[in-house]
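The structure under discussion appears below in the form of C-alpha coordinates.
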Amino acid sequence: MSDIQSFLDYLKFEKRYSPHTLRGYQDDLLQFEGWLSAEGLETELRKMESPLIRSWFASLKDGGIGSRSINRKISTLKSFFKFLLRQEIIESSPMTTIVSPRVGKRLPAFVEQKDTKELFTHMEFEDNWDGRTHRMILEILYGTGLRLSELINIKTNQFDPKKGTLRVLGKGNKERVLPLNEELRKSLAGYISEKSKLLEKYDDQFVLVNGKGKKLYPKYVYLAVRHYLSLVTTIAYKGPHVLRHSFATHLTNNGADLNAVKELLGHSSLAATQVYTHNTIEKLKSVYRKAHPKA
(Lines give C-alpha, C1' and ligand atoms only; values in the text may rest on other atoms or scores of the structure.)
Protein backbone atom coordinates (compact mmCIF):
# COMPACT_ATOMS: atom_id res chain seq x y z
CA MET A 1 0.00 0.00 0.00
CA SER A 2 1.36 3.46 -0.91
CA ASP A 3 2.21 6.02 1.74
CA ILE A 4 -0.51 8.30 0.37
CA GLN A 5 -3.17 5.60 0.65
CA SER A 6 -2.05 4.74 4.19
CA PHE A 7 -2.35 8.42 5.09
CA LEU A 8 -5.81 8.73 3.52
CA ASP A 9 -6.98 5.61 5.36
CA TYR A 10 -5.75 7.15 8.60
CA LEU A 11 -7.72 10.34 7.92
CA LYS A 12 -10.83 8.35 6.98
CA PHE A 13 -10.94 5.70 9.69
CA GLU A 14 -9.13 7.32 12.62
CA LYS A 15 -9.67 11.04 12.14
CA ARG A 16 -13.10 10.41 10.55
CA TYR A 17 -12.75 13.21 8.02
CA SER A 18 -15.58 13.81 5.56
CA PRO A 19 -15.37 12.53 1.95
CA HIS A 20 -15.08 16.14 0.76
CA THR A 21 -12.07 16.80 3.03
CA LEU A 22 -10.45 13.51 2.04
CA ARG A 23 -10.73 14.43 -1.64
CA GLY A 24 -8.95 17.70 -0.93
CA TYR A 25 -6.01 15.93 0.72
CA GLN A 26 -5.87 13.33 -2.02
CA ASP A 27 -5.99 15.91 -4.81
CA ASP A 28 -3.15 17.94 -3.27
CA LEU A 29 -0.89 14.92 -2.82
CA LEU A 30 -1.58 13.52 -6.27
CA GLN A 31 -0.99 16.95 -7.79
CA PHE A 32 2.40 17.09 -6.08
CA GLU A 33 3.25 13.61 -7.33
CA GLY A 34 2.15 14.62 -10.82
CA TRP A 35 4.41 17.67 -10.75
CA LEU A 36 7.38 15.54 -9.69
CA SER A 37 6.73 13.15 -12.55
CA ALA A 38 6.31 15.97 -15.10
CA GLU A 39 9.60 17.48 -13.97
CA GLY A 40 11.35 14.13 -14.23
CA LEU A 41 11.90 14.04 -10.47
CA GLU A 42 10.92 10.49 -9.58
CA THR A 43 11.78 10.97 -5.93
CA GLU A 44 9.80 8.98 -3.35
CA LEU A 45 7.72 11.22 -1.12
CA ARG A 46 9.29 9.64 1.95
CA LYS A 47 12.71 10.82 0.68
CA MET A 48 11.58 14.33 -0.08
CA GLU A 49 13.68 17.38 0.82
CA SER A 50 12.64 20.97 1.50
CA PRO A 51 14.18 22.66 -1.59
CA LEU A 52 12.19 20.43 -3.93
CA ILE A 53 8.95 21.20 -2.11
CA ARG A 54 9.70 24.91 -2.27
CA SER A 55 10.21 24.57 -6.02
CA TRP A 56 6.69 23.15 -6.35
CA PHE A 57 5.16 25.98 -4.38
CA ALA A 58 7.12 28.49 -6.46
CA SER A 59 5.79 26.92 -9.66
CA LEU A 60 2.25 27.14 -8.30
CA LYS A 61 2.70 30.82 -7.51
CA ASP A 62 4.18 31.47 -10.97
CA GLY A 63 1.14 29.72 -12.42
CA GLY A 64 -1.20 32.18 -10.74
CA ILE A 65 -2.31 30.02 -7.80
CA GLY A 66 -3.31 32.23 -4.86
CA SER A 67 -1.75 32.24 -1.40
CA ARG A 68 -4.84 30.75 0.21
CA SER A 69 -4.73 27.69 -2.09
CA ILE A 70 -0.97 27.31 -1.62
CA ASN A 71 -1.40 27.43 2.15
CA ARG A 72 -3.92 24.61 1.93
CA LYS A 73 -1.42 22.49 0.01
CA ILE A 74 1.27 23.33 2.58
CA SER A 75 -1.09 22.20 5.31
CA THR A 76 -1.73 18.95 3.41
CA LEU A 77 1.97 18.17 3.07
CA LYS A 78 2.65 19.08 6.71
CA SER A 79 -0.05 16.65 7.84
CA PHE A 80 1.23 13.95 5.46
CA PHE A 81 4.85 14.15 6.60
CA LYS A 82 3.77 14.39 10.24
CA PHE A 83 1.92 11.09 9.68
CA LEU A 84 5.04 9.48 8.15
CA LEU A 85 7.08 10.76 11.08
CA ARG A 86 4.65 9.28 13.59
CA GLN A 87 4.75 5.98 11.72
CA GLU A 88 8.58 6.11 11.91
CA ILE A 89 8.75 5.94 8.10
CA ILE A 90 10.87 9.12 8.06
CA GLU A 91 13.21 10.58 10.68
CA SER A 92 12.42 14.24 10.09
CA SER A 93 9.85 16.28 8.19
CA PRO A 94 10.97 18.37 5.20
CA MET A 95 8.16 20.81 6.03
CA THR A 96 9.76 22.26 9.17
CA THR A 97 11.44 25.05 7.21
CA ILE A 98 8.51 25.74 4.87
CA VAL A 99 6.85 29.09 5.64
CA SER A 100 3.27 29.75 4.54
CA PRO A 101 2.71 32.89 2.43
CA ARG A 102 0.75 35.65 4.09
CA VAL A 103 -2.92 35.85 3.19
CA GLY A 104 -5.04 38.95 3.37
CA LYS A 105 -7.82 38.55 5.92
CA ARG A 106 -11.07 37.75 4.16
CA LEU A 107 -14.12 38.69 6.15
CA PRO A 108 -17.12 36.37 5.94
CA ALA A 109 -20.05 37.58 3.86
CA PHE A 110 -23.42 37.68 5.56
CA VAL A 111 -27.02 38.66 4.90
CA GLU A 112 -28.24 41.82 6.65
CA GLN A 113 -30.82 41.30 9.39
CA LYS A 114 -33.41 43.35 7.50
CA ASP A 115 -32.94 41.00 4.54
CA THR A 116 -33.38 37.85 6.60
CA LYS A 117 -36.55 39.39 8.02
CA GLU A 118 -37.77 39.99 4.48
CA LEU A 119 -36.89 36.40 3.59
CA PHE A 120 -38.99 34.82 6.31
CA THR A 121 -41.77 37.39 6.64
CA HIS A 122 -42.71 38.35 3.09
CA MET A 123 -41.19 35.72 0.81
CA GLU A 124 -43.64 33.41 -0.96
CA PHE A 125 -42.70 29.74 -1.33
CA GLU A 126 -44.27 27.27 -3.75
CA ASP A 127 -47.36 25.55 -2.38
CA ASN A 128 -45.97 22.02 -2.73
CA TRP A 129 -43.60 19.73 -0.86
CA ASP A 130 -40.47 21.18 -2.43
CA GLY A 131 -41.65 24.66 -1.46
CA ARG A 132 -42.11 23.52 2.14
CA THR A 133 -38.67 21.92 2.07
CA HIS A 134 -37.04 25.05 0.66
CA ARG A 135 -38.44 27.15 3.49
CA MET A 136 -37.42 24.54 6.06
CA ILE A 137 -33.87 24.51 4.68
CA LEU A 138 -33.59 28.28 5.04
CA GLU A 139 -35.13 28.29 8.53
CA ILE A 140 -32.78 25.59 9.82
CA LEU A 141 -29.63 27.06 8.27
CA TYR A 142 -30.30 30.54 9.61
CA GLY A 143 -31.80 29.37 12.91
CA THR A 144 -28.98 26.97 13.85
CA GLY A 145 -25.88 27.85 11.81
CA LEU A 146 -25.54 24.28 10.52
CA ARG A 147 -23.07 23.31 7.83
CA LEU A 148 -24.50 21.93 4.57
CA SER A 149 -23.34 18.38 5.32
CA GLU A 150 -24.88 18.55 8.80
CA LEU A 151 -28.18 19.80 7.41
CA ILE A 152 -28.76 17.05 4.84
CA ASN A 153 -27.81 14.36 7.34
CA ILE A 154 -30.19 15.34 10.16
CA LYS A 155 -32.00 12.19 11.20
CA THR A 156 -35.52 12.17 12.57
CA ASN A 157 -34.41 10.79 15.95
CA GLN A 158 -32.01 13.72 16.41
CA PHE A 159 -34.89 16.17 16.81
CA ASP A 160 -36.57 16.36 20.23
CA PRO A 161 -39.82 18.35 19.80
CA LYS A 162 -40.57 18.36 23.54
CA LYS A 163 -37.22 19.80 24.61
CA GLY A 164 -36.90 21.89 21.47
CA THR A 165 -33.40 20.65 20.72
CA LEU A 166 -31.53 19.21 17.76
CA ARG A 167 -28.60 16.82 18.09
CA VAL A 168 -26.05 17.39 15.34
CA LEU A 169 -23.14 15.23 14.24
CA GLY A 170 -20.42 17.63 13.10
CA LYS A 171 -16.84 17.42 11.91
CA GLY A 172 -14.82 14.54 13.33
CA ASN A 173 -18.10 12.90 14.45
CA LYS A 174 -18.37 15.42 17.29
CA GLU A 175 -21.91 15.72 18.56
CA ARG A 176 -23.46 18.94 19.82
CA VAL A 177 -26.98 19.74 21.01
CA LEU A 178 -28.54 22.91 19.64
CA PRO A 179 -31.48 24.82 21.16
CA LEU A 180 -34.26 25.77 18.74
CA ASN A 181 -36.40 28.85 19.06
CA GLU A 182 -40.11 28.19 19.47
CA GLU A 183 -40.97 29.17 15.90
CA LEU A 184 -38.36 26.82 14.41
CA ARG A 185 -39.38 24.01 16.78
CA LYS A 186 -43.00 24.26 15.61
CA SER A 187 -42.03 24.51 11.94
CA LEU A 188 -39.82 21.45 12.15
CA ALA A 189 -42.39 19.41 14.05
CA GLY A 190 -45.07 20.41 11.53
CA TYR A 191 -42.83 19.55 8.58
CA ILE A 192 -42.14 16.07 9.93
CA SER A 193 -45.82 15.52 10.70
CA GLU A 194 -46.92 16.59 7.20
CA LYS A 195 -44.69 14.05 5.48
CA SER A 196 -47.06 11.15 6.09
CA LYS A 197 -50.03 13.21 4.90
CA LEU A 198 -48.55 14.72 1.75
CA LEU A 199 -46.04 12.13 0.54
CA GLU A 200 -47.01 8.61 -0.47
CA LYS A 201 -43.50 7.28 0.01
CA TYR A 202 -40.49 8.86 1.71
CA ASP A 203 -37.25 8.09 3.52
CA ASP A 204 -38.31 8.37 7.17
CA GLN A 205 -34.72 8.10 8.40
CA PHE A 206 -33.91 11.70 7.48
CA VAL A 207 -35.76 14.87 8.44
CA LEU A 208 -35.45 16.68 5.13
CA VAL A 209 -36.57 15.01 1.89
CA ASN A 210 -37.38 16.31 -1.59
CA GLY A 211 -40.65 16.05 -3.50
CA LYS A 212 -39.88 12.43 -4.36
CA GLY A 213 -39.40 11.58 -0.69
CA LYS A 214 -35.65 11.10 -1.03
CA LYS A 215 -32.83 12.43 1.14
CA LEU A 216 -31.53 15.81 0.00
CA TYR A 217 -28.27 16.17 -1.92
CA PRO A 218 -25.94 19.22 -1.76
CA LYS A 219 -26.84 20.73 -5.14
CA TYR A 220 -30.56 20.69 -4.27
CA VAL A 221 -29.85 22.74 -1.13
CA TYR A 222 -27.42 25.08 -2.87
CA LEU A 223 -29.83 25.91 -5.71
CA ALA A 224 -32.73 26.52 -3.31
CA VAL A 225 -30.70 28.82 -1.06
CA ARG A 226 -29.18 30.73 -3.99
CA HIS A 227 -32.61 31.30 -5.55
CA TYR A 228 -34.26 32.75 -2.46
CA LEU A 229 -31.26 34.78 -1.28
CA SER A 230 -30.99 36.35 -4.74
CA LEU A 231 -34.46 37.81 -4.13
CA VAL A 232 -33.48 39.65 -0.94
CA THR A 233 -29.74 40.45 -1.12
CA THR A 234 -27.09 41.56 -3.60
CA ILE A 235 -24.08 39.94 -1.89
CA ALA A 236 -21.88 37.98 -4.32
CA TYR A 237 -21.92 34.58 -2.62
CA LYS A 238 -25.39 33.20 -1.96
CA GLY A 239 -24.68 29.59 -0.96
CA PRO A 240 -25.76 27.76 2.21
CA HIS A 241 -22.64 28.75 4.16
CA VAL A 242 -23.57 32.43 4.02
CA LEU A 243 -26.54 31.65 6.29
CA ARG A 244 -24.14 30.07 8.78
CA HIS A 245 -22.10 33.29 8.66
CA SER A 246 -25.29 35.34 9.05
CA PHE A 247 -26.36 33.26 12.06
CA ALA A 248 -23.03 33.85 13.81
CA THR A 249 -22.73 37.51 12.81
CA HIS A 250 -26.23 38.41 13.99
CA LEU A 251 -25.65 36.64 17.29
CA THR A 252 -22.40 38.52 17.98
CA ASN A 253 -23.87 41.83 16.81
CA ASN A 254 -26.68 41.37 19.32
CA GLY A 255 -24.34 40.70 22.22
CA ALA A 256 -24.01 36.90 22.31
CA ASP A 257 -21.03 35.52 24.21
CA LEU A 258 -18.33 34.41 21.77
CA ASN A 259 -17.76 31.13 23.61
CA ALA A 260 -21.46 30.33 23.27
CA VAL A 261 -21.34 31.08 19.54
CA LYS A 262 -18.30 28.80 19.27
CA GLU A 263 -20.25 25.92 20.83
CA LEU A 264 -23.28 26.53 18.62
CA LEU A 265 -21.14 26.49 15.48
CA GLY A 266 -19.19 23.41 16.55
CA HIS A 267 -15.81 25.13 16.22
CA SER A 268 -12.90 23.32 17.85
CA SER A 269 -11.18 26.57 18.86
CA LEU A 270 -12.23 30.12 19.65
CA ALA A 271 -9.87 31.46 16.96
CA ALA A 272 -12.21 30.20 14.24
CA THR A 273 -15.14 32.03 15.83
CA GLN A 274 -13.36 35.35 16.39
CA VAL A 275 -13.63 36.22 12.71
CA TYR A 276 -17.24 37.22 13.38
CA THR A 277 -16.29 39.91 15.89
CA HIS A 278 -15.23 42.24 13.06
CA ASN A 279 -18.85 42.94 12.31
CA THR A 280 -19.50 43.83 15.93
CA ILE A 281 -16.55 46.25 15.78
CA GLU A 282 -17.97 47.83 12.63
CA LYS A 283 -21.27 48.25 14.42
CA LEU A 284 -19.49 49.92 17.37
CA LYS A 285 -17.69 52.25 14.97
CA SER A 286 -21.02 53.23 13.47
CA VAL A 287 -22.48 53.95 16.92
CA TYR A 288 -19.37 55.96 17.82
CA ARG A 289 -19.49 58.06 14.64
CA LYS A 290 -23.17 58.85 15.17
CA ALA A 291 -22.99 59.56 18.91
CA HIS A 292 -19.57 61.01 19.80
CA PRO A 293 -19.29 64.83 19.62
CA LYS A 294 -15.82 64.69 18.04
CA ALA A 295 -16.48 61.75 15.70
* Using the structure shown, decide if residue 181 is surrounded by fewer than 14 Cβ atoms within 10 Å (Cβ to Cβ) and more than 17 Å from the chain's Cα centre (by Cα). => yes
* Test: residue in segment 33-50 that is closer than 30 Å to residue 153 by Cα and not polar (S, T, N, Q) -> no
* For segment 245-258, name all the residues that are in contact (Cβ under 8 Å) with a residue 12 or more places away in the chain and of a type in the set (S, T, N, Q). => 246, 249, 252, 253
* Some residue of segment 36-45 being touching a residue at least 40 places away in the same chain (Cβ under 8 Å), under 18 Å from residue 74 (Cβ atoms) and not in a helix (DSSP H, G or I) -> no
* Asked: Given the residues 242, 221, 207, which is the only one that is in contact (Cβ under 8 Å) with a residue 12 or more places away in the chain, in the same structural domain as residue 272 (by TED's automatic domain parsing) and in contact with a Ser or Thr (Cβ under 8 Å, 6 or more places away or on another chain)?
  -> 207
* Failed condition for residue 181, given (1) within 23 Å of residue 210 (Cβ to Cβ); (2) in contact with a helix residue (DSSP H, G or I) (Cβ under 8 Å, 6 or more places away or on another chain); (3) in contact (Cβ under 8 Å) with a residue 24 or more places away in the chain, with all others met? -> (1)
* Structure fact -> Within segment 101-118, the count of residues that are of a type in the set (A, V, I, L, M, F, W, C) and at pLDDT below 90 comes to 3
* Asked: Which residues, taken from segment 227-256, are modelled with pLDDT under 90 and either touching a Pro at 6+ places or on another chain (Cβ under 8 Å) or among the aromatic types (Phe, Trp, Tyr) (or both)?
  -> 237
* Pairs, please: C-beta under 6 Å, at least 6 apart or cross-chain, first residue in the same structural domain as residue 126 (by TED's automatic domain parsing) and under 12 Å from residue 138 (Cβ atoms) and in segment 224-239, second of a type in the set (S, T, N, Q) and not in a helix (DSSP H, G or I)? -> 238/230
* **For residue 260: the one exception among (1) outside the structural domain of residue 131 (by TED's automatic domain parsing); (2) at pLDDT 80 or above** => (1)
* Asked: If you check residue 64 against the conditions, is it within 30 Å of residue 218 (Cα to Cα) and assigned to a loop (DSSP other than H, G, I, E, B)?
  -> yes
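The values are calculated or read from the model by the stated rules, or taken from the named source; none is laboratory data. Keep in mind that this is a model prediction, so the values were computed, not measured. Please note: Cβ atoms are built from the backbone with ideal geometry, for glycine as well, and neighbour counts cover all protein chains shown.
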